[in-house]
Amino acid sequence: MRIAQYGTAIAVLHAITNGLHGLAHIEIPVALSQLQSSFVAIVIFLIPMIAAVLLWTQLYRAGSWLLLGSFAGSLLFGLYNHFIAISPDHVSQVSFVGWSLLFQITAYLILIVDALGCWFGTWALKMAEQPLQT
C-alpha cells in the first residue's frame with residue numbers, strides 16, 4: 001500500500017512539474033520535433049500514469065518497472081535537452097524572465113523529481129522482491 005501511495009504521489013508531482021514546463025514551452029515558444037513530442041506524450045506523461053494505476057493492483061511489480069523506466073527516460077531526455085545539447089530547449093538559451101523563468105525553474109525541478117522517481121522505482125522493486133511478513 002505504501003508503494004502505491006508514494007508512487008502515485010511522485011507520478012502526480014512529475015505530471016505537475018512537466019505540465020508547467022510544457023506550458024512554458026508553449027508560451028515562450030520552444031518547439032519540439034514530432035519525435036520529441038511523441039516521446040513526451042508517451043514516456044513522460046502517459047506511462048507514469050499507467051504505472052501509478054498498476055501500483056494499486058496485483059500488477060504492482062509491472063507498475064514499478066514502468067515507473068522506473070519512464071522516470072529514467074524522462075531524466076535522460078531532460079538532462080540531454082535542457083543541459084547538454086545546445087538548442088532552443090537548453091536552459092542557457094532562454095532568458096530568466098516571465099515564462100522563461102518558469103521554464104528554467106521547472107527544468108531543474110524535473111531533474112530533481114525524475115531522480116527521486118528513479119530512486120523510488122528502484123526501492124519499490126526491491127520491496128516487491130522481499131517476502132511478505134506474516
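Taken together, the values in this text are just the output of simple stated rules run on the coordinates, not laboratory data. Fair warning: this is a prediction, and the values are worked out from it, not measured in the lab.
Quick notes on this one:
- Extension gain, Leu20 to Leu101: 0.36 nm times the residue separation minus the Cα-Cα distance gives 28.0 nm.
- Convex hull (Cα only) mean projected area of the chain, reported in nm² to one decimal: 7.8 nm²
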